[in-house]
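Laboratory data are not the source of any read-out in this text; all were calculated from the coordinates shown. Every value quoted in this text rests on a predicted model; they were computed, and no experiment measured them.
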């Protein structure tokens, strides 16, 4: 049962990556592309957490948390730049 859930989560992460890359390529505005990149970082965090669970090394969860914090700060900086400029 656990193997089936891990496989299902891997497949769903793959579809998330596929749809994010499609939005990144199709997105008519810069904001759409920024949201797509942010979604890719969230999916990457989920992938790191899944790998941490599979490998049994939970130090990767700390890496995912730091990556999430840096991603949040980067999106805030990009939003500020798009709104007013630096």
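Worth a mention:
- Selected from 45, 54, 17 as most flexible by GNM, with the chain as the system and alpha-carbon contacts under 10 Å: 54
- Relative contact order of region 2-84, defined on C-alpha pairs under 8 angstrom at six or more residues apart (%): 24
- Cα long-axis angle, helix 59-84 against the chain (0 to 90 degrees, to the nearest 10): 20
- Summarising the overall dimensions of the chain from its C-alpha atoms, the Rg and Dmax are 15.2, 51 angstrom.
- 0 to 90° range, to nearest 10: angle between helix 30-55 axis and the chain longest Cα axis: 20
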